[in-house]
1. Out of (1) crowded, with 23+ Cβ neighbours inside 10 Å; (2) at the interface with another protein chain (Cβ under 8 Å from one of its Cβ atoms); (3) not in a loop (DSSP other than H, G, I, E, B), the odd one out for A:Ile115 is which?
2. Working only within region A:1-32, note down all residues that are in a loop (DSSP other than H, G, I, E, B) and either surrounded by fewer than 17 Cβ atoms within 10 Å (Cβ to Cβ) or of a type in the set (Ser, Thr, Tyr) (or both).
3. Whether any residue in region B:1-12 is at pLDDT below 95, under 16 Å from the mean Cα position of the chain (by Cα) and within 7 Å of another protein chain (Cβ to nearest Cβ) is what I want to check.
4. If I filter region A:16-32 down to residues being more than 10 Å from chain B (Cβ to nearest Cβ) and over 20 Å from the mean Cα position of the chain (by Cα), which single residue comes out as nearest to A:Leu44 (Cα to Cα)?
5. Against the condition within 12 Å of chain B (Cβ to nearest Cβ), polar (S, T, N, Q), farther than 23 Å from A:Asn6 by Cβ and in a loop (DSSP other than H, G, I, E, B), how does A:Asn84 come out, does it pass?
6. So, in region B:50-65, how many residues would count as being assigned to a loop (DSSP other than H, G, I, E, B) and more than 10 Å from chain A (Cβ to nearest Cβ)?
7. Take the residues in region A:36-49 that are modelled with pLDDT of 95 or more and assigned to a helix (DSSP H, G or I), then tell me which one is farthest from the other protein chains (Cβ to nearest Cβ).
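The values are calculated or read from the model by the stated rules, or taken from the named source; none is laboratory data. Keep in mind that what you see is a predicted model, and the values were worked out from it rather than measured. Every residue, glycine among them, receives a Cβ derived from its backbone with ideal geometry; neighbour counts consider all protein chains shown.
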2 protein chains.
Amino acid sequence: MSAIFNIFPVGVIRKKDDSVFIVIYRKYRSALMGLGQFSHIQVLYWFHKNDTPEGRSMLQVHPCNLKVNPLTGVFATHSPLRPNLIGLSLCRILSIHGSVIRIDDIDAFSGSPVIDLKCYFPLSGSENGVRVPSWERRKK
Amino acid sequence: MSAIFNIFPVGVIRKKDDSVFIVIYRKYRSALMGLGQFSHIQVLYWFHKNDTPEGRSMLQVHPCNLKVNPLTGVFATHSPLRPNLIGLSLCRILSIHGSVIRIDDIDAFSGSPVIDLKCYFPLSGSENGVRVPSWERRKK
């Protein structure tokens, strides 16, 4: 329980005009081999602007920062305030050139550190009967 | 690029007989409020058995450890060998009692540190036209 694990950025999000890129650092470029065969990726990034004791100690939020949404535990949300500041987004790959992946969009800042990428598989039977709370329909 | 981020375990995977549990540490219990309204969660855990310089330096693998599958960059797989040893699984919630979540199953060891939970929303339009390589059909 007392262990601490280290995360090293493997790249960075860059936004320019209407384009959004994942720039993977040269050291990790070979880890991209074969990614072009997928249409989508899951992008894990770090909410670096919230990396403070206060940001990491927030355990309950109003989802989507809307007071009309009930106070909810951060593990039942995608809040950028949470004990470990990991963001997770499913993104469509538009192109890959070298170690630069152009994606459709991501709800992260330009400059957000990327910590992992995972290929995306369509979901299996475990997705049947997905149920979500009513606040999920109230987004900004 | 030289920053290092710290990850603190928030719980642990426990497997007993045919049952699989996520045990969230007491300190983080209030972060679970409202999770019962979801049928599924995304579980982020740490591949702690591979937390060695060698395990983290592996950038290409044969997916599913099958030689017939082409050598592939780890970012195009869900390999447990990768620069940051984050595992990600979509799980069905069977029950929640206090800070113990019973789930259907997870491809992690009993004892694996849990580092984050995120609620699961059905996918939106960005999922249309999902494409994957042929090796995705060859699993153990």
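1. The number of the failed condition is (1).
2. Those that are in a loop (DSSP other than H, G, I, E, B) and either surrounded by fewer than 17 Cβ atoms within 10 Å (Cβ to Cβ) or of a type in the set (Ser, Thr, Tyr) (or both): A:Met1, A:Ser2, A:Ala3, A:Ile4, A:Asp17, A:Asp18, A:Tyr25.
3. no
4. Going through the qualifying residues, I end up with A:Arg26.
5. Spelling it out, it is not the case that A:Asn84 is within 12 Å of chain B (Cβ to nearest Cβ), polar (S, T, N, Q), farther than 23 Å from A:Asn6 by Cβ and in a loop (DSSP other than H, G, I, E, B).
6. Adding up the residues that qualify gives 2.
7. Filtering first and then ranking leaves A:Lys49.
Conditions (1) of a type in the set (A, V, I, L, M, F, W, C); (2) more than 10 Å from chain A (Cβ to nearest Cβ); (3) surrounded by 15 or more Cβ atoms within 10 Å (Cβ to Cβ); (4) in a helix (DSSP H, G or I), marked per residue:
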{"position": "B:Lys67", "(1), (2), (3), (4)": "no, yes, no, no"}
{"position": "B:His78", "(1), (2), (3), (4)": "no, no, yes, no"}
{"position": "B:Ile93", "(1), (2), (3), (4)": "yes, no, yes, no"}
{"position": "B:Ile106", "(1), (2), (3), (4)": "yes, yes, yes, no"}
